[in-house]
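Step one of this worksheet: look at the structure below.
The values are calculated or read from the model by the stated rules, or taken from the named source; none is laboratory data. The shown structure was predicted, so the numbers you read here are calculated from the model rather than taken from an experiment. Neighbour counts are summed over all protein chains in view; Cβ atoms, including those assigned to glycine, are modelled from backbone coordinates with ideal geometry. With ligands, DNA and RNA removed, areas are computed over all heavy atoms of the protein, side chains included. Shrake-Rupley method; radii C 1.70, N 1.55, O 1.52, S 1.80 Å.
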Amino acid sequence: MAAGIDDIAIYIPRLYIDASDFAVNRGLDPVKLQKGLGVSQMAIVDANQDPACLAANACLQIMQKNKLSPEDIGRLYISTESAFDESKAMNSYVVGMLEQVYGQGAFEHCGGVETKFACVSGSYALYDNTNWIRAGEAEGKYALVVVSDIAKYDMGSSGEMTQGAGAVVMLLNDNPRLLAFDPKVTSTSIKDEYDFYRPFGKETPIVHGQYSNLLYMIQVRKALEAYKKKVLSTGLIKMGDDETILDHMDYINMHLPYSNMGKKALAYLVRHEWRQLPRWKKILSDIEMNEPIPKDPRGTIESVLGDNEFMAKDHEFTKMFTKTPEYQEIYESKLSSSLIASSMIGNLYTASLYLGFRSSLEFEHKKGIDLEGKRIGFGSYGSGSSAMVFSGIVQPNFKDIVGRMDLEAEIGNRRKLTWEEYEELHENKLSPEESMVHTNKEFVLVDVQTEKENRGERRYVFNE
Ligand code: COA
């Protein structure tokens, strides 16, 4: 049975900090953000928003757009790493908000949980809900999978230039207009790691950025190896002698903690895949440099990162490789469109990969490319750490969805924050009633209880 993504919607907060303003105020070169990381603007949540509001606003949008009633929905999953409660699941808050519009008890028949595994948990939720549909358990109902996060780092930390916020919701069914997932090939890797984590009670994560970047690429490569074995053993893809698995993906969407990380990760995967092929000899001869090898090739990530000579040479090699026409061709045709939204919005943690997917669909379609039948590969990564590689095929009715996509309109009118406003919001100095903008027809947070017996209870309203 086919199962996959029927429709997709996004909700992006109405405030942002401009990368150049950020750089000036942090004493950084603006070119580092714009060219080095691919960051132009970072979405910031208002004082009356939290990840549950973002998720509920995205859900309402997709339901209204498709004229769905709560009866049509069988499952509502939320994946996030911005949870504010250790026990109560975020989808319960979202159900509460949606019932303000659809009536109390309207979602009572629904099931669902909040899932957590840093940025990869949304991919697990998609996989599990796709299998719920494939198993014939859905009884004609849809699943809503929402990925919603606020990527917030400590003031002055190196992660602060890779912030962002937003939610993406995907509507799943057994007759998807957008993308049907390839069956029996989803592959994973998992390892106990401390590259990025957020201990109980801490609002911002502890991050080892360079370690995390390298671990991301290693883990996704491992999942890609497993994926390769599965596509060959299931007969989904037949590979010629001078081919790699990436040749069989028309588009490649990578997890995007910042836009340029996609480019970096793709280069890593392509290098790994091409190394075994005749075409690699030509690349090395054009670059006029051999691929550098660490002093301890079987060493740990720390030993590789600590090998300064290797790191410098590898950086130089990567730069030259990414300038070759062969890599440029792959980058332009398979990845570049997925990076556009990320540079305008920033890091969305769980939602980053899916914002990239959505971005790719819109901007590839706008190039006039017929997307029907194209295979889209996904490289999902979550710190801590786990990776997932999977793929799907764009469906014949994709134009019903993609033809109406308009990123700028969907982001809506945004207000640029001054540095003082940004700092106030970042340090949580404002209460919900001191929000910077007033929005219509959106869910907002109005109160978080502080009394002993109901501490942490949240109240939301739908702004008419
Ligand atoms: N002009 C142009 N480019 C510049 C520059 C300048 N003045 N200064 C630096 N750059 C480039 C660097 O060469 C580098 O490019 P490369 O990746 O192609 O090598 C890039 O900008 C970033 O610079 P770098 O020195 O590596 O940045 P950093 O160490 O200060 O921080 C991160 C970068 C990504 C490690 C940091 O922002 C971070 O930790 N972010 C969070 C990452 C995260 O969320 N990980 C979670 C798991 S995915």
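If I go through the range 23-43 residue by residue, how many of them are surrounded by fewer than 23 Cβ atoms within 10 Å (Cβ to Cβ), more than 12 Å from the ligand (Cβ to nearest atom) and outside any loop (DSSP other than H, G, I, E, B)?
3
Kindly indicate the residue of the range 140-153 that is over 14 Å from Glu81 (Cβ atoms) and open to solvent by less than 20 Å² (accessible area, probe 1.4 Å) and also farthest from the chain's Cα centre (by Cα) among those meeting that condition.
First, the residues of the range 140-153 that are over 14 Å from Glu81 (Cβ atoms): 140-145.
Filter once more, keeping what is open to solvent by less than 20 Å² (accessible area, probe 1.4 Å): 143-145.
On the way: Ala143: 19, Leu144: 16, Val145: 13 Å.
Residue satisfying both the conditions and the ranking: Ala143.
Could you check Tyr197 against (1) within 19 Å of the chain's Cα centre (by Cα); (2) farther than 26 Å from Arg375 by Cα; (3) open to solvent by less than 60 Å² (accessible area, probe 1.4 Å) and say which number it fails?
(3) is the only condition that Tyr197 fails.
Determine whether Val169 is within 22 Å of the chain's Cα centre (by Cα) and open to solvent by less than 70 Å² (accessible area, probe 1.4 Å). I'd like the intermediate steps shown before the answer.
Values: within 22 Å of the chain's Cα centre (by Cα): yes; open to solvent by less than 70 Å² (accessible area, probe 1.4 Å): yes.
In short, yes.
Looking at Lys202 and the list (1) within 16 Å of the ligand (Cβ to nearest atom); (2) touching a residue at least 12 places away in the same chain (Cβ under 8 Å); (3) not acidic (Asp, Glu), which single condition is not satisfied?
That leaves (2) as the condition not met.
Can you pull out the residues in the range 154-166 that are surrounded by fewer than 19 Cβ atoms within 10 Å (Cβ to Cβ) and either free of Cβ contacts under 8 Å to residues at least 60 places away in the same chain or in contact with a Leu (Cβ under 8 Å, 6 or more places away or on another chain) (or both)?
Answer for the range 154-166, where residues must be surrounded by fewer than 19 Cβ atoms within 10 Å (Cβ to Cβ) and either free of Cβ contacts under 8 Å to residues at least 60 places away in the same chain or in contact with a Leu (Cβ under 8 Å, 6 or more places away or on another chain) (or both): Asp154, Ser157, Ser158.
Just to be sure before I move on: is Thr450 of a type in the set (S, T, N, Q), assigned to a loop (DSSP other than H, G, I, E, B) and in contact (Cβ under 8 Å) with a residue 12 or more places away in the chain in the structure I sent? Write out each step before concluding.
Values: of a type in the set (S, T, N, Q): yes; assigned to a loop (DSSP other than H, G, I, E, B): yes; in contact (Cβ under 8 Å) with a residue 12 or more places away in the chain: no.
No: the conditions fail for Thr450.
Could you tell me whether any residue of the range 250-265 is touching a strand residue (DSSP E or B) at 6+ places or on another chain (Cβ under 7 Å), surrounded by fewer than 20 Cβ atoms within 10 Å (Cβ to Cβ) and not in a helix (DSSP H, G or I)?
The answer is yes; a qualifying residue exists.
Taking the range 141-180 on its own, how many of its residues are more than 16 Å from the ligand (Cβ to nearest atom) and more than 15 Å from Met90 (Cβ to Cβ)?
Quick first cut of the range 141-180, residues more than 16 Å from the ligand (Cβ to nearest atom) only: 141-146, 148, 167-180.
After this cut, where a residue has to be more than 15 Å from Met90 (Cβ to Cβ) as well, the list is 141-143, 170-180.
Total meeting the criteria: 14.
Among the residues of the range 61-84, write down those that are part of a loop (DSSP other than H, G, I, E, B) and either without any contact (Cβ under 8 Å) to a residue 60 or more places away in the chain or farther than 24 Å from Phe196 by Cα (or both).
First, pick out the residues of the range 61-84 that are part of a loop (DSSP other than H, G, I, E, B): 66-69, 80-84.
Asn66, Lys67, Leu68, Ser69, Ala83 - these are the residues of the range 61-84 that are part of a loop (DSSP other than H, G, I, E, B) and either without any contact (Cβ under 8 Å) to a residue 60 or more places away in the chain or farther than 24 Å from Phe196 by Cα (or both).
Would a scan of the range 12-27 turn up a residue that is in contact with a Gly (Cβ under 6 Å, 6 or more places away or on another chain) and closer than 23 Å to Ser123 by Cβ? Even if it seems obvious, please write down each step before you answer.
We begin by selecting, within the range 12-27, every residue in contact with a Gly (Cβ under 6 Å, 6 or more places away or on another chain); these are 12.
From what's left, closer than 23 Å to Ser123 by Cβ: 12.
Yes: the range 12-27 contains one or more residues that are in contact with a Gly (Cβ under 6 Å, 6 or more places away or on another chain) and closer than 23 Å to Ser123 by Cβ.
Among Tyr327, Tyr354, which is within 16 Å of the ligand (Cβ to nearest atom) and over 25 Å from Ala19 (Cβ atoms)?
Working: Tyr354 fails: over 25 Å from Ala19 (Cβ atoms).
Testing whether each residue is within 16 Å of the ligand (Cβ to nearest atom) and over 25 Å from Ala19 (Cβ atoms) leaves just Tyr327.
Are there any helices (runs of 4 or more DSSP H) wholly within the range 368-436 with 1 or more residues that are among the basic types (Lys, Arg), and if so which? If you could, list the steps in order and put the result at the bottom.
Details: elements: 398-402, 407-411, 419-426.
Passing ranges, in order: 398-402.
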